[in-house]
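Only one structure is covered here, and it is reproduced in the block below.
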Amino acid sequence: MQQVIWTLLGAHVAGVVLAAIAGFRSIRAGLAVAAFAPTITAIWAIWLFVSQDGLAGADGPPTSELVWVEGLDLAFRMQVDSLALLMTLLVSGIGALVFIYAIGYFAPDAAGGATFPPTLLAFSASMLGLVWSDSIWTLFIFWEATSITSFLLVGHKNSDANVQTAARRALMITGVGGLVLLAGLIILAQDVGSSTLTNLAAAEGSRATLAAILVMIGAATKSAQVPFHVWLPGAMAAPTPVSAYLHSATMVKAGVLLVAVMGTTFADVQAWKVLGLAFGIASMIWGGVGALRHVDAKLILAWGTISQLGLLITLLALGTGKAVFAATSILFAHAIFKAGLFLIVGEVDIRTGTRDIRKLGGLAKSMPITFAVALLSGLSMAGAPPLLGFPAKEAAIEAVLGLSGWEQIIGVVSVVGGAVLTVAYTTRFLIGVFGAGPDTIVKPRRLAMTIPAVVLGFLSVAGFAALGLVNDIVRPAAIELNAKSEVYGLVRWPGIKTAFVVSMAVLIVGFALGVGAAARKVASAPNATGADAADGLIDGILSNTPRFIAVVQHGSLPVYLATMTAAVAVAGIAFTDQVSLSHLQLWDTPLQGVLAAGIVAAAAAGAAVRSRLGATLTLGATGIGMSGIFIIHGAPDLALTQLLVEIIVVVGFVLGLGQLANQFPTVDNAWRATRLAVATLGGLAVMAGLAASSANPSGVAPIEDLTAGAVNDGGGNNVVNVILTDVRALDTLGEVVVLATVAIGILALANTRRAEA
Amino acid sequence: MSIALLLTVGGLTSVGLYLITSRSLSRIILGFALLGHASVLALLMSGGPAGRAPIADGSGSDGFANPLPQALALTAIVISFGLTLFLLALASRQKDHTGDDLVEDDIEDSRIAEVKQ
């Protein structure tokens, strides 16, 4: 089944390329072409669900692996397991519907035909890659790809400055979050020693805590959790198909998905749970409140999404089998009803020209089909029977009731509170958009827009009717996340139990609250403090970056070198504990000590002396001293070579610098003290590194083998020569080539001089 | 490991670094040559202590110095020799153009710094 993954991803890539190079004038034609890949992927996923074998077929789940660097555990690794298949259904199924919807959404002459369809399809591909990833590195790459495509799609309307600001805010928050995530993933992979997501070992300890915090923050930025949520309402500046697809059904679920997948790994890390609950509960409540305060129907839904994502994070952070099962069910139900509601808002927007609930009125009569679909999706969102949202929410309430201690109190209060708010803003949304009000003039229906919304609305009913099939989709995914989910299932009629009573009470209280809120049609939208603060921060960074660059990238090459030397030397401090002095001896022979002192003295004199000729002579002295060291070390070949080289170099210096002034220029004196300090530091670092490396030898030098090999196989007695000519023959050839190149270079330089003269 | 050699490597590296952060290209070349010496010596030391020259004379390999780093060091010497000579030729050409061998600031970087400040 390995080919399936590549075929489907390939189809997406081919679609992107085709839609991009074809450069359709009409955005509709581009969308029609781009819709192909998500459609076949969705059909494949559905086929896997309905076929008897499904993923448990003979071959097991489809996997695919491209190893890049084996030793570093770097591989492009994918696996379509049950959770991935569930997500595939959402990404490609809803994706296909959104592509069709977009054909109706955009006017035939809308701009962006060459850019919008390929970008949307590129997002589809990135999202598929993300949910299929089985390596945390693969996952990260696609994670970033979704952030970038999301940025491009939000900023689709590139003539509007506000849109651009919103797109930039979304990119910066999710982008920085991505970097935080990467740091967390690196620490995690180091800690557990693997990067494969399947069966990732459990992590604990202080490093695991740090990794858990970073990963959770990364997930929270992507899933728009308070206080990182400020980008999501802004992202509503995107065309509605994008909002429905990326910012309710799929991309914002990436963070949730990550928290789900990492759940078992960080199960024993307290910070993971605490941070997850903090993000989740804050978002659930603040998102619900925000949804009650806005008058833009699309913003109501966006804030509702923040709230629902908070509920998912909360349940996953709790991490019990039932909570994970409930989260998986809500993930599925939410994608269906929320995408449906977004599509409806888009249709209302296009057909009436406004999304302001104060200006909309009488749509229940003038747009009956849309109203019916909105009612179904809305009631599913509120968790009312007989719709898919009901059993899912029921499972969530049961899950928190089943907890104990402080978790139960916090869980019940927040989930019930969030549920009440959800019912309230749903009620307000439905009354506000479709209820009484000024009669709005409605343009004719566009079928391409209505049909996908009808399909999604119908799915909320059908899901409840065919709850067994939904169970088959959701349960295996939940089991993958937490084996204890196995015993749970969605039930149509739970019977009169605590959870049911609570859920009915939630519906009644929430409905009353929603009717009350709908009656107050004043805009009490929270001012955009959060978004402004985020924009201010981004502006501040952008305006200060040039100043920073001017300081760092000043242009002085010596200062660059000194900076690098100092940085490397300072980085070496971390390894000083590996330096051992026990294996050191004063010298191999006393003569070695004398030569060493001579070499250093000659080198130092060369640096101090002002005369060029003097410096050249000290260089010669250093080289001759080196030859002596080589002889003592038992390396006559080196000594001979060094001697010859040294003579030529000194001659070269005299020839090459002959025409220069006798004295070095004095420009170097400006920062001599700093240079001395940095140079000393660098020398110390090298010494420490050498002492450390020789303290940890790995194995014994194979001198005997090398000697025997040289005599028997190489046919020579000088082992060094045999290594050079036999073992490293190609290297030696390369060396000759380098010398020849240098000779040609010098000749060319000399010739140009002659030509100029 | 011999402390004398360790100090030689450290000393050569320090002086070499001091010289290559200079503005004068001829001093930079001197620095490069010294850094080359330091790295050859470090390579040699990493192979073990001093010993007999590794030339088989039928008396076995006892007490031989490690031949492998020597073979590597030989290449290093020759390459740094080539580099030194080429740099010398460049310095000489620079003298033709500017009358001196001073290394100037990176023009592009200086421009960026000027614009942004």
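The values are calculated or read from the model by the stated rules, or taken from the named source; none is laboratory data. Since the structure is predicted, the reported quantities are computational estimates derived from the model, not experimental observations. Cβ: placed from backbone, ideal geometry, glycine included. Neighbour counts: every protein chain shown. Note: areas computed on protein heavy atoms with side chains; ligands, DNA, RNA excluded. Shrake-Rupley method; radii C 1.70, N 1.55, O 1.52, S 1.80 Å.
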Inspect all residues belonging to segment A:486-493 and state whether any of them is open to solvent by 50 Å² or more (accessible area, probe 1.4 Å), touching a Gly at 6+ places or on another chain (Cβ under 9 Å) and acidic (Asp, Glu). yes
Filtering segment A:591-620 down to residues that are farther than 14 Å from B:THR8 by Cα and out of contact with any Ser or Thr (no Cβ under 8 Å at 6 or more places or on another chain) yields A:ALA607, A:ALA608, A:ARG610, A:SER611, A:LEU613, A:GLY614, A:THR616, A:LEU617, A:THR618, A:LEU619, A:GLY620
By residue number, the members of segment A:707-743 that are open to solvent by less than 40 Å² (accessible area, probe 1.4 Å) and either over 24 Å from B:ASP62 (Cα atoms) or not in a helix (DSSP H, G or I) (or both) are A:GLY716, A:ASN718, A:ARG728, A:THR732, A:GLY734, A:GLU735, A:VAL742
A:VAL348: passes all of (1) within 26 Å of A:SER92 (Cα to Cα); (2) in a loop (DSSP other than H, G, I, E, B); (3) of a type outside the set (Asp, Glu) but (2)
By residue number, the members of segment B:14-29 that are at the interface with chain A (Cβ under 7 Å from one of its Cβ atoms), in contact with a Gly (Cβ under 6 Å, 6 or more places away or on another chain) and open to solvent by less than 10 Å² (accessible area, probe 1.4 Å) are B:LEU19
Exercise. Taking the condition modelled with pLDDT under 90, in contact with a strand residue (DSSP E or B) (Cβ under 6 Å, 6 or more places away or on another chain) and not charged (D, E, K, R), does B:GLY63 pass?
Worked result: yes
Of the listed residues (B:GLY58, B:GLY36, B:GLY51), the one being among the small types (Gly, Ala, Ser), modelled with pLDDT under 90 and open to solvent by less than 30 Å² (accessible area, probe 1.4 Å) is B:GLY51
Q. Yes or no: B:LEU102 open to solvent by 50 Å² or more (accessible area, probe 1.4 Å), more than 14 Å from the chain's Cα centre (by Cα) and within 26 Å of A:ALA757 (Cβ to Cβ)?
A. no
Subset of segment A:615-639, residues of a type in the set (A, V, I, L, M, F, W, C), facing another protein chain (nearest Cβ under 9 Å) and open to solvent by 10 Å² or more (accessible area, probe 1.4 Å), comes to A:ILE631, A:ILE632
Checklist entry - Is there a residue in segment A:549-567 that is among the polar types (S, T, N, Q), touching an Asp or Glu at 6+ places or on another chain (Cβ under 8 Å), more than 10 Å from every other protein chain (Cβ to nearest Cβ) and open to solvent by less than 60 Å² (accessible area, probe 1.4 Å)? => result no
In segment A:658-701, residues that are farther than 21 Å from A:GLN585 by Cα, more than 8 Å from chain B (Cβ to nearest Cβ) and at pLDDT 80 or above total 6
A:VAL570 meets each of (1) part of a helix (DSSP H, G or I); (2) buried (at least 16 other Cβ atoms within 10 Å of the Cβ) with one exception, condition (2)
Within the bounds of segment B:48-64, is there any residue that is part of a helix (DSSP H, G or I), in contact with a Ser or Thr (Cβ under 9 Å, 6 or more places away or on another chain) and facing chain A (nearest Cβ under 7 Å)? no
Going through segment A:583-607 in order, the residues found to be exposed (fewer than 13 other Cβ atoms within 10 Å of the Cβ) and either free of Cβ contacts under 8 Å to residues at least 24 places away in the same chain or not assigned by TED's automatic domain parsing to the domain that holds A:GLY689 (or both) are A:GLN585, A:LEU586, A:PRO590
